[in-house]
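The values are calculated or read from the model by the stated rules, or taken from the named source; none is laboratory data. What you are looking at is a predicted structure, and each value in this text was computed from that prediction instead of being measured. Using ideal geometry, Cβ is built from the backbone for each residue, glycine included, and neighbour counts are taken over all protein chains shown. Note: accessible area is taken over every heavy atom of the protein model, side chains too, but ligands, DNA and RNA are not part of it. Shrake-Rupley method; radii C 1.70, N 1.55, O 1.52, S 1.80 Å.
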Amino acid sequence: MTRYARPKTLDEALSLLGEGHWRVVAGATDFYPSLGNRPLTEDILDINGLTGLRGIARTGGHFVIGARTSWTEIQHADLPPAFDALKQAAREVGAIQIQNVASIAGNICNASPAADGVPPLLALDAEVELSARSGVRVLPLREFVLGNRKTALRRDELLTAILIPERAARGNSAFIKLGARRYLVISIAMAATRIVVDADGRMAEASVAVGSCSAVARRLAGLEQALTGQHTAAIAALVAASALDELSPIDDVRGTAAYRLQAVREIVVRALQTAAGDPQRRAAA
Amino acid sequence: MKTERAPISFNVNGAPVALSIAPMRRLSSVLRDDLGLTGTKVGCDAGDCGACTVLLEGDPVCACLVPASALEGCAVRTVEGLGNGSLSALQASFLAHGAAQCGICTPGMLMAATALLECNPRPNEAAVQDAIGGVLCRCTGYHKIIEAVMEAHRYLEGEPPSRFDFRLPASGNAVGASPVRLDGLPKVTGAEKFGADSFPKESLSVLVVRSPHHRAAFSFGDLKAYAANTPGVAAVFTADDIPGVNRFGVIPPFADQPALAEHETRFRGEAVALVACEGWAATQLDLADFPVAWQPLSAALEPEAAQAEQAALLHAGRPGNILVRGFVERGEPDRALEQAACVVTGHCDTAYVEHAYVEPEAGYAFVEHGILTIVACTQAPHMDLEDTAAILGLAPDKVRIVPAATGGGFGSKIDISLQPLIGLVALKTGRPAALAYTRAESMMSTTKRHPAAMTASIAADADGRVVAMVFDGAFNTGAYASFGPTVANRVPVHASGPYLTPNYRATARAIHTNGPVSGAFRGFGVPQATLMQETLFDELAERLGIDRLQLRLRNALRNGNETVTGQRLEAGVGIGACLEALSPPWARALADAEAHNARASGVRRGVGIASCWYGCGNTSLPNPSTIKLGLSRQGKVVLHQGAVDIGQGSNTVIAQIAADALGLPLGDIVLRSADTAITPDAGKTSASRQTYVSGKAAEKAARTLRDNILRFANASPAAQFHLESSVLTVWEGEVRRHIELDRMAEDGDGLVFSAEESYDPPTAPLDAKGQGTPYAVYGYGAQIAELEVDLKLGTVRLLKITAAHDVGKAINPLLAAGQIEGGIAQGIGMALMEEYIPGRTENLHDYLIPTAGDVPPIETILVEVPDPEGPFGAKGLGEHVLIPTAPAILNAIRHATGVSVRKVPATPSRILAALAEAGPA
């Protein structure tokens, strides 16, 4: 017989995690599709009793997004424009039915290369808070997601919060998802950008993250460096000149690798221009 | 493994519920299996289709993804809770707008839209699209649903029932009216019983063991021990247990498909064994533990591989893996091509397309009084009966098929699927046996649209008159015959399009591979062939410098012309009228595109047009429908309506025809279903034949019934009828005769007057060159697509589709428009996103069908050029509507970009590759 536990406190949950192998379930929107019609064989740790893991707060120099916070809650949260990309991505995670229950931490822990939430979080320099009975550690998100369906989460750990440093919550941001249909679509490629533009129209900071074009969504450090200090009018030229060598797309049913490389360059330009305030770019791909 | 049960208390539709259930049970299962609330549908169990949408604490969620543990203390609302015994404004609006066709997505749509309306009672279109974007519909094309939601507020005023004025048309006015569908009410209340909605509690659950390989030999381990040692398993069955002939097929001479494979499987997903178990055990069995050993064998997935010299034959007696060759030749095509002023040549490839109805195959079987009864979704109950009886070794009168409501079919539910499997279990165990396919099972094991690889040349004279066409198509027919012969024969007859083509040769081959079985799918290969022909027409127009619509109009078939099969069309040819109706929108669209393109560069606008013609009914084969109707002692017109309504509307349309032919109001009619025990065979719901063929049978039967009554009443044909309670009044001028029906003797069907008539379209066989009269009636249509192509991303944004279809006579204009919109949505999918890859896209998130945001505004123009053969002049429509869409879209992409995309779906990847190949513009 499999076990099922629905702890009411974090301590209780962490104790259980310390004792055995549990499958952690929150929104369950990835859990059931991966289970399919096979019988349940894992012990389930249902964290929906942990009310403290829900909601967004601002403490200690961070925006703290509770692990169980749903995409619908993120859409409606009062957050600065640097979070616009995250909010736009929140509207693209499955459909409304999914957004109402799926959690932000689940999207990260599921570690799909096409996780909609990850590029905007990377662009926000997000960190993940990993709690265990032995203590809490904080990892940058880019060090947490290791590969397709692979994370740095230890068996005794629970991802309890996503932390956005206040210093990263600056500027404007944008998110573009490229898919073959309007709703409920897995992206062919996606881009999240965040830029801080100074009074002269120059980019004091630039963050660019791309999803579905590598096993793990990636920040484009080379491009970011090239953009920093440059005028927003040069965005298209700078992206065109950048190697984007962080990306390693594959051919699959949604598109070829060659297509992804070409298209992602364009959506990066558009997402940067949107973040730079080009209203023409508001109606994105 | 089991998980302990836990007490959970929540509230459903206002009533408290307390259950002891496993905490990770899906809410969809709790609602349906524990609480009997089957209005909530299960389409995918993965959050991909939204059919199970319910409101949890007021918010829409997919019930298939909500664990029971999340319900504690919560309020759940389902479709059963919307109306409180009446109808909600939204439900009424759905009925009035024809927003429910098959009805399987309707509960999910209603719930998603209810959540929107409760915070925004007058939403705009974009808000509605956002709200229902997560619920897939395969029938309607979404527009009637969106309109119904936007206008739901109009049904809020006044008190029921006055605010729901669904009066049916008066006597003599049924044909041409758009009453609410006669079977519509249960579709919007959730009461409709689809295949999986009425399983008897004591049923054995049937699980199907399927091949994970494209081709494999297999052997079983100790099945007896498995059955004996696995808790809850009642029995295991294999091909050895099949008492009859383990071969079925929709075309008996080609029957080649085993219900359970013997020794070797020929495609991934083919069934090899059945596990019959107690209901409680079904969710705890892992078929990975079933004792079967697979030995994968080399498989040919493409026709080229299947035709290679060393390729294994899928079926003995089909050399080269060729199932059937179709051939039509007329005149001297080679000479005409050589001598023509202008010749265009091209090729075009298409993909496997999945029907993707939202209802996976489902049904149950039981034996009672020596009769095996199967209640399942289907398009063809009498064919199900014959195949199932043969497989199970039963006399046909020992099998009864009771069609459940069918949640979409589009061709794939003509072939039997689970009928012999559940029948076998019921027969062998003596217990009811139930089975609902999973989405993956449904996608793996049932038929697809044939992938085609086509080449063609079309020649014209300098004035733009087509002088010749040569076409060749290789159609991947998959592992078994199904409707492969039909496709191979239909394509050469139609590949010319509705254009006068004096010299012509078309060949089509249905080639076996180890891919999924290709069968019937809205158009039987004609949509593929039309892609080839209509895209070449655009190249021809360009070469000749002729407007693309004018080229089509110049060559359009007219009354008195002969088709490529030499059939002289005497009357009713409506393609010219369709193209003429499109002339003003065509000019407007071209001007709009030109103006846009003069301003913008990165996004180019394009306009495309394409036509269709399509013969209604079987190709040169008998295709009768029989309709029975009569008057009951209770004073109702009882219509045995055997034309299965899979959403297209035959329950309403056949009744409208019968009402006017009989001379009584539509409201006097009650329907008897297509149950094979009570209703004569009205043929399969396919080939766009029900309105025409069954409609004609209904017209004949109703006229015979009228004659019978007139004779009884000694009245002339001018007499009028009136039914009130159980009295039929026949009057002529001042003379009234009252017939007290309840005093008359009734027959075995409970009828006091009755009539039964058959109709079979007058066709003639095709000769060796494909010359003859394959169809008695053709329907025609043409569509314009307007779109934008993003040159940097290769993405297409559809702006508008304008569709003109000649239906002869629109028996029910609302339903006709619904068919057009739904067919266009499927055409959009075929053009832009749908590609089934066995082993890779066996779900509804990798296999994409259009959502509510993917179907642009559609302007429908119903053209009525009556056909003397059809009932009230009507022609078929169901398949025609899909045919022009994809070629019109490809032509518009070419117009926008100058680039031809030669493989559908034209994904962003393919469009950008085609643009790159063409070089910088």
Q. Of A:Leu40, A:Leu50, A:Val64, which is farthest on the positive side of the dipole of segment A:1-65, counting Cα position, with +1 on Lys and Arg Cβ, -1 on Asp and Glu Cβ, and the Cα centre as origin?
A. A:Val64
Q. Is it possible to state the helix-based mean residue ellipticity at 222 nm for chain B, with each DSSP H run of 4+ residues giving -39500 (n - 2.57), the sum divided by total residues, to the nearest 500 deg cm²/dmol? What is it?
A. -8000 deg cm²/dmol
Q. So what's the net charge close to A:Arg91: Lys and Arg +1, Asp and Glu -1, counting the other residues with Cβ under 10 Å from its Cβ?
A. -1
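Dividing the Cα radius of gyration by the Kirkwood radius, what Rg/Rh value follows for segment B:348-443?
Values: Rg = 14.0 Å, Rh = 13.7 Å.
Answer for segment B:348-443: 1.02.
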Q: Return the carbon/sulfur percentage of the accessible area of segment B:259-384, one whole number, probe 1.4 Å, all protein chains in place.
A: 49
Q) With every protein chain kept in the model, how would you rank B:Ile858, A:Ile108 by accessible area, 1.4 Å probe, largest at the top? A) B:Ile858, A:Ile108
Q.
To the nearest 20 Debye, how big is the dipole of segment A:1-98 about its Cα centre, given +1 on the beta carbon of each Lys and Arg and -1 on that of each Asp and Glu?
A. 120
Q.
Averaged across B:20-28, how many Cβ atoms of other chains sit within 10 Å of each residue's Cβ atom?
A. 3
Q: Once you have a ≥ b ≥ c as the square roots of the Cα gyration tensor eigenvalues for chain B, tell me rounded if a/c is under 1.5, and otherwise prolate or oblate according to whether a/b is larger than b/c.
A: rounded
(Q) Taking the solvent-accessible surface of protein heavy atoms with a 1.4 Å probe, what is the per residue accessible area of segment B:830-921 in Å²? (A) 29
**Q.** Fully extended contour minus Cα-Cα distance, from B:Ala462 to B:Asn173, at 0.36 nm per residue
**A.** 99.0 nm
Q. Applying 1/(1 + (r/R0)^6) with R0 = 22 Å to the Cβ-Cβ distance of B:Ala191 and B:Gln634, what FRET efficiency is obtained, to the nearest 0.05?
A. 0.45
(Q) Need the C-alpha centroid separation for segment B:513-585 versus segment B:33-82, integer Å. (A) 46
Q.
Suppose R0 equals 56 Å. What FRET efficiency, 1/(1 + (r/R0)^6) with r the Cβ-Cβ distance, do B:Glu302 and B:Arg558 give to the nearest 0.05?
A. 0.85
Q. Which ³J(HN,Hα) values, rounded to whole Hz and listed in residue order, are derived for segment B:731-747 from phi using the Karplus coefficients 6.51, -1.76 and 1.60 in 6.51 cos²θ - 1.76 cosθ + 1.60 with θ = phi - 60°, glycine and proline given as x?
A. 10, 9, x, 8, 7, 10, 10, 9, 10, 8, 5, 6, 9, 9, 7, 9, 8
**Q.** Cut-off under 5 Å, modelled amide H: who pairs with B:Val17 long-range
**A.** B:Phe10, B:Asn11, B:Val12
(Q) Can you give me the solvent accessible area of A:Cys109 with a 1.4 Å probe, rounded to the nearest 10 Å²? (A) 50
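For A:Asp245 and B:Lys769, what does the FRET efficiency come to when R0 = 51 Å and r is the distance between their Cβ atoms, rounded to the nearest 0.05?
0.25
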Q) Once both labels are modelled 7 Å past Cα along the beta-carbon direction, what's the A:Lys8-B:Asp289 spacing in nm? A) 3.6
Q: Please work out the Cα center distance from segment B:246-270 to segment B:182-202, rounded to the nearest Å.
A: 31
**Q.** Farthest toward positive dipole pole in chain B [+1 Lys/Arg, -1 Asp/Glu at C-beta], among B:Gly781, B:Ala177, B:Leu323
**A.** B:Gly781
Q: Grab the Cα-Cα distance for B:Ser219 and B:Thr429, subtract it from 0.36 nm times how many residues apart they are, and report the gain in nm with one decimal.
A: 73.2 nm
Q | Relative contact order of chain B, pairs being alpha-carbon contacts under 8 Å that are 6 or more residues apart, as % | A | 14
Q. Of B:Ser650, B:Gln339, B:Ala293, whose Cα points farthest to the positive end of the dipole of the protein assembly as shown (charges on the beta-carbon: +1 Lys, Arg; -1 Asp, Glu; origin at the Cα centre)?
A. B:Gln339
**Q.** Difference of contour (0.36 nm per residue) and Cα-Cα distance, B:Asn597 to B:Phe166
**A.** 150.4 nm
**Q.** Where labels lie 7 Å past Cα in the beta-carbon direction, separation of B:Cys119 and B:Ala571 in nm
**A.** 5.9
Q. Could you give the dipole magnitude of segment B:845-900 about its Cα centre, charging the beta-carbon of Lys and Arg +1 and that of Asp and Glu -1, in debye to the nearest 20?
A. 220
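Could you work out what % of the accessible surface of segment B:385-519 is carbon and sulfur, using a 1.4 angstrom probe and leaving DNA, RNA and ligands out of the count? List each step's numbers first, then the result.
Working: 1440 of 2700 Å².
Whole-percent figure for carbon plus sulfur exposure: 53.
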Q: List the residues of segment B:477-510 whose backbone N lies under 19 Å from a point placed 7 Å from the Cα of B:Arg335 along the Cα-to-Cβ direction.
A: B:501-506
Q) So which residues in segment B:49-74 end up with at least 40 square angstrom less accessible surface once the other protein chains are there, compared with the chain by itself, probe 1.4 angstrom? A) B:Pro60, B:Leu65, B:Ser69
Q) In chain B, which helices (entire DSSP H runs) extend 24 Å or more along their own long axis, judged by Cα positions, while averaging at least -0.5 on the Kyte-Doolittle scale? A) B:526-544, B:575-599, B:695-713, B:813-832
Q: May I ask you to rank A:Leu14, B:Leu621 by accessible area, largest first, using a 1.4 Å probe over the protein chains only?
A: B:Leu621, A:Leu14
Q) Where in segment B:87-119 does the amide nitrogen come within less than 11 Å of the point 7 Å from the Cα of B:Ala15, taken along Cα to Cβ? A) none
Q. Just from its helices, what would the mean residue ellipticity at 222 nm be for chain A, if runs of 4 or more DSSP H residues each count -39500 (n - 2.57) and the sum is divided by every residue, rounded to the nearest 500 deg cm²/dmol?
A. -7500 deg cm²/dmol
Q | Accessible-area value, B:Tyr504, 1.4 Å probe, nucleic acids and ligands omitted, Å² | A | 0
Q | Note, ³J(HN,Hα) from phi for segment B:74-79, Karplus 6.51, -1.76, 1.60, rounded to Hz, x at Gly and Pro | A | 9, 10, 10, 10, 10, 4
Q. For segment B:742-867, what does the alpha-carbon gyration tensor say about shape, rounded, prolate or oblate, given a ≥ b ≥ c as the root eigenvalues, a/c under 1.5 as rounded, and a/b over b/c as prolate?
A. prolate
Q) For segment A:124-252, what does the alpha-carbon gyration tensor say about shape, rounded, prolate or oblate, given a ≥ b ≥ c as the root eigenvalues, a/c under 1.5 as rounded, and a/b over b/c as prolate? A) oblate
(Q) Using a 7 Å offset from the Cα along the Cα-to-Cβ direction at both B:Ile251 and A:Arg149, what is the distance between the two label points in nm, to one decimal? (A) 4.2
Q. Dipole magnitude of segment B:567-680 about its Cα centre, charges +1 at Lys/Arg Cβ and -1 at Asp/Glu Cβ only, in debye to the nearest 20?
A. 160
Q. Can you give the relative contact order of segment B:618-686 as a percent, counting alpha carbon pairs under 8 Å and 6+ residues apart?
A. 41
**Q.** Euclidean distance between Cα centres, segment B:346-385 to segment B:853-921, Å
**A.** 28
Q) Within the accessible area of segment A:1-80, what % is carbon and sulfur when the probe is 1.4 Å and the other protein chains stay in place? A) 48
